[in-house]
Amino acid sequence: MRKFISVLLGAALAAGSCVGLAACDGNSATNPQNGDVKKYDITVWAGDGTTTMMQNQVEKFNSTIGKELKVSFNAKVEQVSEGKAVGDAESHPESAADLFCFASDTFARAVEMNLVAKLSPSSVTFIDENNIKSAADASKMGDTYYAFPMTADNSYFLYYNKDKLKDTEVTDLETMIEVAEKQSAKISYNLGSEGSWYAASFFYGTGCKSEWVVNDSGKFTDMEDDFNSANGIKAFKGMAKLMSSECFNDSSKAQDFSSAIPSIAVVSGVWDYKTAKTILGDKLGVAPLPHFTVDGARYQATPYLGYKFMGIKPQSDKYKLLYLQRLAQYLTGEECQTQRLKDLGWGPSNLKSRETDEAKENEIFNVINDNPNVVQGQYPAKWWSQFEVACLAVKKGTENGKSLDDTALGNLLKTYAKDLATFLNG
Amino acid sequence: MVYLSALDYLKLNKWQKLLYKLKCFFVAIPGWTANKFKKLGQLFVKLGLAIKAEAIYIVTTFIHGSFKTKLSYLFMGFSNLWHKQWLRGIMFFLMEGLFIVYMVLYGGAMLAKFGSLGDIATKEITSLVEIIPGEIEEVTTVVHIDNSFKILLYGLITIFFILALAVTWRINVKQAQLLDEIDASGKPVKSSKDDVKSLLDNQFHKTLLVLPIFGIVMFTILPIIFMVLVAFTNFDYQHDGYNRLFDWVGLENFSKMLSFGNGMSAAFGEILGWTMIWSIFATFSNYFLGMFVAMMINKKGIKIKSVWRTILVLTIAIPQFISLLYISNLFSDTGIVNGTLLNLGIIDKAIPFWSNGTLAKVMVIVVNIWVGIPYLMLITTGILMNIPDDLYESAKIDGANAFQQFARITLPYMLFVTGPYLLTSFVSNINNFNVIYLLTQGGPANPTWGNVGGYIAGDTTILITWLFGITTGNEANYKIASVIGILIFIVCAGLSLIVFSIMPSTRRENDYS
């Protein structure tokens, strides 16, 4: 009996030791042996409708640059839209993709939450030498680079139905409203629910600014925001003109062109071009955002110009991190950006891609580049939601023929400013 | 207060009776509360005595036990193995071994950090790498150290494991003591074969229950406790637990939610109020209208009854989320209904079915009636058919009209049989996410409540859709969502207990049997 027990105890101790020793191995990186091709299984998140192209581009890398570097990526490409990528990575940071494409307005958050890796000097040089300055500047937080610019077209403009609106009528919001009301039609401009991104165009149009200072780790340290001003009230009055009209549709979807009560104009971006074209065909017109007149002065709504970036998830394997940077350089380089321009109509940030005939002849790209815009900086999530609260209050205050006077609009902006100051001061 | 005799009570009119009942209710509250506290105190005393008895048992068993029993205190199952009860002995031994291995490798560390939920999230390491000969690059890698989420989860699992081991150890001590008694009496001990036979025969219920109990503990009780604990942390989008650790904050989240004068508590009050109104309307409108439709169809003289039933049941045949999304689009500001009415010249501007708060509330209740009536019609049809005809016949002879027959026979019978269903239906309507979310997403957004978790609640937002919005908004706030979850539980459990205790189905169980 004793012998049996001692054997049993010995076996248990041995098993425990084995497991313990195995656990001591850790997660150390190994240097690839000379001559061997280093293989990595990676996950890539690509935007809607771009997964096949991304898969092919990774394979192209493997067969060209990868061969030279003796590295091969077995990529699993999943569809995650650029607007959602950072949120998804934040929800499941451990299972986030190694490479992911994201919109520039989520950049600070990605850095703050350690979702993107710091880039090496060669990547910094690559970004600076190959992209327009504003895109290169936008890819760093403080002085540290975190992301590779992929596009420079993340903006919005006016799609309109040429049968219902003349070219001369889309220049002014008041005229558009008049035409739409006569036709019992709609104008889609997402200024209320989740519409901060679009509503800001009225404020930038009247000369307001909202700039936030972010440190190297993505934390917001200061702001310069004058939305709470006389110009801000003018912007709200411009918005209220549309919001109080029967033709207002709080949406920015090209599908609105085919609704039962159709829109004759939709404010949206490049991502809606195919849908709008499918619905309207040759009747589709593209124009910059309209002007609006408040207190006798005429202002043009001025949209954001943002970027799409490619980021790398922080890695514990230093070799893998460096190889992933080489892959990202290729995927955001001239060849891939030009291909995206040709196949998807995405406006490039790459200097050489922007000089191609496709870029010069691209109607949308020209509308974005030839008209005033505000390069989109970094804003905390709180800014988007507090601004949305103020815009929704204007929407609610102007529905059913109601109106808000300057004092009421000013009070909304005061509350907005107060909430943001509270947020900033912790 | 002077209590009336049964005879005096019967002499009162309807309103006096009601007043008397209310008086009795309020007078009884202090006594009832005191009684509950007294019972709670007695419970603590009982618990203390039980712990004391356990301690005495453990010590005396050790003192008076044989060396096998004494060793069993340290090596679980020793006494069983000594007596060749291999199965029991190995099970005890494995449990102890598994516990030690788990604690050494994982559980100990997790439990040690349970109080702080971790100290360092990540560490950056800058090193030089050469992937192309001659080109040396500086690379910054990140190593993750603590993970608050895992510490909380595995810490909790470890506490469960410790409790399970304590119970097993106690059984092991009892077994050792029994074996000592058997040794003293000279009787034979049960072999492993006997144990297996017993587990497959007279103890078979225990064998069957092992897996379900394990499943309930791991997949129901553990997640619930985990979610409750989250309410006492600062787990949100800025403290995800992986890249930014979260920490214990005590009752701070409850204080934010329930204190007067801030936007969150105002929103909570308004949303709770609408949730209750919604649940009452959604439950009782469906109930009475479903019953009414069933009675209409069952009425003598109604032809092609099966056709009427089939038409109504068709709404069940289509998956609810499809019909709800369809309805949502149909009645949108630019949808087919508004478009058609405008084109026909019936209206000159679109009706804001979903964008006007009051209208949206009416709409969700009406649409819920449309999707809910067929279920109630089917349920009540069967019950209505079971009400004995002679009850109605005697009522007719007594001169009762149709309404009196309904109020005195049909309704009491229905309420008796469907009482528990009515209660569960009410609770499930409090949590009826589908109808609200698919129709309005909780909108139209109401900016007066500000934003919580990056989500601006709307006029039709109920607690459960608010909770969803808060956890999926761009400022995801899991801690507040957890508080809301706990409050929903308190509301549902409280209502269920009260209603269940006054329900005729439970109070007068034999009346209709």
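The values are calculated or read from the model by the stated rules, or taken from the named source; none is laboratory data. As the structure is a computational prediction, the values presented were derived from the model and not from experiment. Here the Cβ positions follow ideal geometry from the backbone for every residue, glycine too, while neighbour counts run over all protein chains shown. These area figures cover heavy atoms from the full protein model, side chains too; ligands, DNA and RNA do not enter into them. Shrake-Rupley method; radii C 1.70, N 1.55, O 1.52, S 1.80 Å.
Quick check on chain B: helices-only [θ] at 222 nm, where DSSP H runs of length 4 and up contribute -39,500 (n - 2.57) each and the sum goes over total residues. Nearest 500, please.
Taken over chain B, the calculation gives -22000 deg cm²/dmol.
Mind listing the long-range amide H neighbours of A:Val294? Cut-off is under 5 Å, sequence gap 5 or more, other chains count too, H placed in the peptide plane at 1.01 Å from N.
A:Tyr299
In what sequence, largest accessible area first, do B:Tyr478, B:Tyr287 appear using a 1.4 Å probe?
B:Tyr478, B:Tyr287
Could you run the numbers on buried accessible area between A and B, total for both chains, 1.4 angstrom probe, in Å² to the nearest 100?
For A against B, buried area totals roughly 4600 Å².
With a Förster radius of 51 Å, plug the Cβ-Cβ distance of A:Ala230 and B:Ile347 into 1/(1 + (r/R0)^6) and report the FRET value to the nearest 0.05.
The formula returns an efficiency of 0.85 here.
Report the calculated FRET efficiency for B:Ile100 and B:Val210 (r = Cβ-Cβ distance, R0 = 35 Å), to the nearest 0.05.
0.95
For the range B:52-160, give the magnitude of the charge dipole about the Cα centre (Cβ charges: +1 Lys/Arg, -1 Asp/Glu; no others), in debye to the nearest 20.
That gives a dipole near 1280 debye.
Read phi for every residue in the range B:344-358 and hand back ³J(HN,Hα) as whole Hz from Karplus 6.51 cos²θ - 1.76 cosθ + 1.60, θ = phi - 60°, with x for Gly and Pro.
7, x, 6, 10, 10, 8, 4, 7, x, 3, 9, 9, 9, x, 5
Please work out how much length the chain gains when fully extended from B:Ile136 to B:Lys305, using 0.36 nm per residue of separation minus the C-alpha to C-alpha distance, in nm with one decimal.
52.4 nm is the gain from fully extending B:Ile136 to B:Lys305.
Given 20 °C and 1.002 mPa s, compute D for the range B:254-315 with the Stokes-Einstein relation, Rh being the Kirkwood radius over Cα pairs; round to the nearest whole µm²/s.
Working: Rh = 15.0 Å.
After rounding, the answer is 143 µm²/s.
Among bridges DSSP assigns within chain A, what percent are antiparallel (round to 5)?
Here the share of antiparallel DSSP bridges comes out near 60 percent.
For the range A:172-249, give the percent of accessible area contributed by carbon and sulfur heavy atoms, probe 1.4 Å, rounded to a whole number.
Summing carbon and sulfur atoms, their accessible area is 45 percent of the total for the range A:172-249.
Just from its helices, what would the mean residue ellipticity at 222 nm be for chain A, if runs of 4 or more DSSP H residues each count -39500 (n - 2.57) and the sum is divided by every residue, rounded to the nearest 500 deg cm²/dmol?
-13500 deg cm²/dmol
Which whole number gives the average, over all residues in B:101-114, of C-beta atoms from other chains lying within 10 Å of the residue C-beta?
Whole-number average of other-chain Cβ neighbours for B:101-114 is 1.
Pairs to check: A:Lys414/B:Lys256; A:Lys186/A:Lys414; A:Lys253/A:Lys382; A:Lys274/A:Lys360. Give those whose C-alpha atoms are more than 22 Å from each other in this structure.
Values: A:Lys414/B:Lys256 24 Å; A:Lys186/A:Lys414 31 Å; A:Lys253/A:Lys382 25 Å; A:Lys274/A:Lys360 19 Å.
Long pairs (Cα-Cα over 22 Å): A:Lys414/B:Lys256; A:Lys186/A:Lys414; A:Lys253/A:Lys382.
Whole-Hz ³J(HN,Hα) for each residue in the range B:385-401, computed from phi via Karplus 6.51 cos²θ - 1.76 cosθ + 1.60 with θ = phi - 60°, x for glycine and proline: what do you get?
5, 8, 6, x, 5, 5, 4, 5, 4, 5, 5, 4, 4, 6, x, 6, 7
Once phi is turned into ³J(HN,Hα) by the Karplus curve 6.51 cos²θ - 1.76 cosθ + 1.60 with θ = phi - 60°, what whole-Hz value does each residue of the range B:179-189 show in order, with x for glycine and proline?
Working through the residues one at a time gives 5, 4, 5, 5, 4, 5, 7, x, 6, x, 8 Hz.
Compute accessible area for the range A:248-284 by itself and then with all protein chains, 1.4 Å probe, and report residues whose area falls by 40 Å² or more.
Residues of the range A:248-284 that lose at least 40 Å² of accessible area once the other chains are added: A:Ala260, A:Ile261.
As an exercise, use a Förster radius of 45 Å and the Cβ-Cβ distance of B:Ile159 and A:Ser184 to find the FRET efficiency, rounded to the nearest 0.05.
0.10
Out of all DSSP beta bridges with both ends in chain B, state the antiparallel percent to the nearest 5.
So the antiparallel bridges in chain B amount to around 100 percent.
Can you list the residues, at least 5 places off or on another chain, whose amide H is less than 5 Å from the amide H of A:Leu289, using H built in the peptide plane?
So A:Leu289 has HN proximity to A:Leu158.
Would you please name the trypsin sites (Lys or Arg not before Pro) within the range A:182-260 that are DSSP coil residues with at most 15 other C-beta atoms within 10 Å of their C-beta?
A:Lys209, A:Lys219
Find the accessible area per residue for chain A; the probe is 1.4 Å, ligands and nucleic acids are left out, and the unit is Å².
In whole numbers, chain A has 41 Å² accessible per residue.
Using the basic label-point model (7 angstrom from Cα toward the beta carbon), what is the B:Leu378 to B:Phe288 distance in nanometres?
Inter-label distance under the simple model: 2.5 nm.
Under the classification rounded if a/c is under 1.5, otherwise prolate if a/b is larger than b/c and oblate if not, where does chain A fall, given a ≥ b ≥ c as square roots of the Cα gyration tensor eigenvalues? Before the final figure, lay out the partial values.
Values: a/c = 2.37, a/b = 1.76, b/c = 1.34.
Prolate.
Would you compute the Debye intensity of chain B from its alpha-carbon atoms alone, equal scatterers and no solvent, and pass along log10 I(q)/I(0) at q = 0.05, 0.08, 0.09 Å⁻¹ to two decimals?
-0.37, -0.88, -1.03
Compute for the range A:359-426: radius of gyration divided by Kirkwood radius, i.e. Rg/Rh, restricted to C-alpha atoms, rounded to two decimals.
Across the range A:359-426, the Cα-based Rg/Rh ratio is 1.16.
Calculate the length of the line joining the C-alpha centroid of the range A:399-415 to that of the range B:85-156, in whole Å.
Here the answer is 55 Å between Cα centres.
Rounded to the nearest Å, what's the spacing between the alpha carbon centres of the range A:121-184 and the range B:230-290? Just the number, please.
One Cα centre to the other: 38 Å.
Taking a temperature of 25 °C and a viscosity of 0.890 mPa s, what whole-number D in µm²/s does Stokes-Einstein yield for the range B:91-221 with Rh from Kirkwood over alpha carbon pairs?
126
Return the long-range amide H neighbours of A:Trp45 (sequence gap of 5 or more, or a different chain), with a cut-off of under 5 Å between placed amide H atoms.
Those qualifying (amide H under 5 Å, at least 5 residues apart or on another chain) are A:Glu78, A:Leu99, A:Phe100, A:Cys101.
On average, how much area does the Cα convex hull of the range B:186-282 cover when viewed from any direction, in nm²?
Approximately 14.2 nm², given one-decimal rounding.
Checking the a/c ratio against 1.5 first, then a/b against b/c, what shape does the Cα gyration tensor give for the protein assembly as shown?
oblate
Kindly report the accessible area of the range B:1-106 per residue (heavy atoms of protein chains, probe 1.4 Å, no ligands, DNA or RNA), in Å².
Value returned for the range B:1-106: 74 Å² of accessible area per residue.
Sequence neighbours fewer than 8 away in the same chain don't count; with that in mind, list the lysines whose C-alpha is under 30 Å from B:Lys11.
B:Lys21, B:Lys23, B:Lys396
Any idea how far apart B:Ala407 and B:Gln42 come out in nm if each label point goes 7 Å out from Cα toward Cβ?
If labels sit at B:Ala407 and B:Gln42, their model points lie 4.3 nm apart.
If you take every DSSP beta bridge whose two residues both sit in the protein assembly as shown, what share of them, in percent to the nearest 5, is antiparallel?
The answer is about 70 percent antiparallel.
How would the range A:267-334 be classified by its alpha-carbon gyration tensor: rounded, prolate or oblate, with rounded meaning a/c under 1.5 and the a/b versus b/c comparison settling the rest?
oblate
For chain A, take the longest principal axis of its alpha carbons; what is the angle in degrees between that and the long axis of helix A:406-424, to the nearest 10 within 0 to 90?
10
Under Stokes-Einstein, with the Kirkwood radius over Cα pairs standing in for Rh, what whole-number D in µm²/s applies to the range A:51-164 at 20 °C and 1.002 mPa s?
The Stokes-Einstein estimate is 132 µm²/s.
Per the 1.4 Å probe, what fraction of the accessible area of the range B:129-197, in percent, lies on carbon and sulfur atoms?
Carbon and sulfur: 65 percent of the exposed surface of the range B:129-197.
Can I get the semi-axes of the range B:370-513's equivalent ellipsoid? Compute them from the C-alpha gyration tensor as square roots of 5 times the eigenvalues, in angstrom, largest first.
The equivalent ellipsoid of the range B:370-513 has semi-axes of 43, 17, 11 Å.
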